[in-house]
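Trainee: Below you will find the structure I want to go over with you.
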Amino acid sequence: MIATNNEIRPGLIAYLDQVTASAPGRAYKQQVLELLELQPGQCVVDIGCGPGTDLAAMNAGVAPTGSVVGIDRDPAMVAEARARVVELPRTEVHLGEAHALPLKDRTVDRARTDRMLQHVADPSQVLAEFRRVSRPGGRIVMAEPDWEGLLIDSLQPAMSRGLSRFICAEIVRNARIGRSLPRLCRDAGLDVQSVVAVAPVIDDFTTADQLFGLRRNVTRAVAAGYLDAAAEEWIEDVSSRPFLATALLFLVVAERPA
């Protein structure tokens, strides 16, 4: 599930909505929601909330007395999220940096990141910020990928390996963040509660192309020299055959020590 900072904002919003609506997206997002263990009265923060696709579900978990805060660095995302939650009680969306959360110390009970730490400049600083703003016992749930775990079945496996190398080297800043999160959490003074690896199987090329940008990224990989020109024919051949792909996503739960 790849989205880069170079995407046109309306297209990025549509992409994030597609992920949320897809079967793999619904499944892992439900797992994240369950791992948060939301209770009425809690304050929960969505760090990197994007267009607010998940704020309503979080609101339902802490209602009627809890509060929800969405934070994003992109003004267009903040505007869209605010429009979507305008009728939700006790729900706010703020423009702000994950590296310097616009929140007071020890005010947050729950937080989450969803495929956001893969793009930030310093994931360790984001985790340190969570520790600062969370109350003792506060919990963060992170859903973050490991792009070396992108697997595509084909008669030319070297092509999919080249595509994965390109994504890890050129597209996603912290492409292997998923496997590193438990270590980074411990380094930030957080107690790791659980680590789960999720690998949804996608057997429809159109869905995989929407989520992973397969055609688009193959074209980019050819231009960058990670794949040769035959890759364009390869991805079309893959699309015409029975299809199977998966991508590795880590769900990590950590808490601020009591």
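Computed from the coordinates by the stated procedures, all read-outs in this text should not be read as laboratory data. Remember, predicted model here, so these are calculated numbers, not experimental data. Backbone-built Cβ (ideal geometry, glycine too); neighbour counts: all protein chains shown.
Trainee: Taking a virtual spin label 7 Å from the Cα of residue 197 along the C-beta vector, which residues in the stretch 232-252 bring their backbone nitrogen under 15 Å of it?
Mentor: 246-252
Trainee: Ok, one more. Tell me, in nm to one decimal, what length is gained between residue 56 and residue 207 on full extension, where the rule is 0.36 nm per residue of separation less the Cα-Cα distance?
Mentor: 51.9 nm
Trainee: So, by mean Cβ neighbours within 10 angstrom, what's the order for 186-199, 88-101 with the highest one leading?
Mentor: For the peptides 186-199, 88-101, the packing ranking is 88-101, 186-199.
Trainee: If you compute Cα extents along the principal axes in Å for the structure shown, which of (1) 60, 46, 33; (2) 56, 38, 27; (3) 54, 43, 34 do you land on?
Mentor: The value matching this structure is (2).
Trainee: Then there is this: Work from the charge dipole of the stretch 151-220 (Cβ charges, +1 for Lys and Arg, -1 for Asp and Glu, about the Cα centre) and give the residue of 168, 208, 151 farthest towards its positive end.
Mentor: After comparing all options, I get 168.
Trainee: Where in the stretch 232-258 does the label zone of residue 125 land, with the point 7 angstrom along Cα→C-beta and an amide N cut-off under 13 Å?
Mentor: No residue qualifies, since no backbone N sits under 13 Å from the label point.
Trainee: Using a Förster distance of 41 angstrom, determine the FRET efficiency expected from the C-beta separation of residue 106 and residue 26, and round it to 0.05.
Mentor: In this case the efficiency is close to 0.80.
Trainee: Another question about this same structure. Any chance you could run the full-extension gain for residue 161 through residue 233? It's 0.36 nm times the residue separation minus the Cα-Cα distance, nm to one decimal.
Mentor: That works out to 24.3 nm of additional length.
Trainee: Rounded to the nearest 500, what is the chain's calculated 222 nm mean residue ellipticity when only DSSP H runs of at least 4 contribute -39500 (n - 2.57) each, over all residues?
Mentor: The helix contribution divided over the chain gives -12500 deg cm²/dmol.
Trainee: Pull out the extension gain between residue 223 and residue 92, defined as 0.36 nm times the separation in residues minus the alpha carbon to alpha carbon distance; nm, one decimal.
Mentor: Extra length from residue 223 to residue 92 when fully extended: 42.9 nm.
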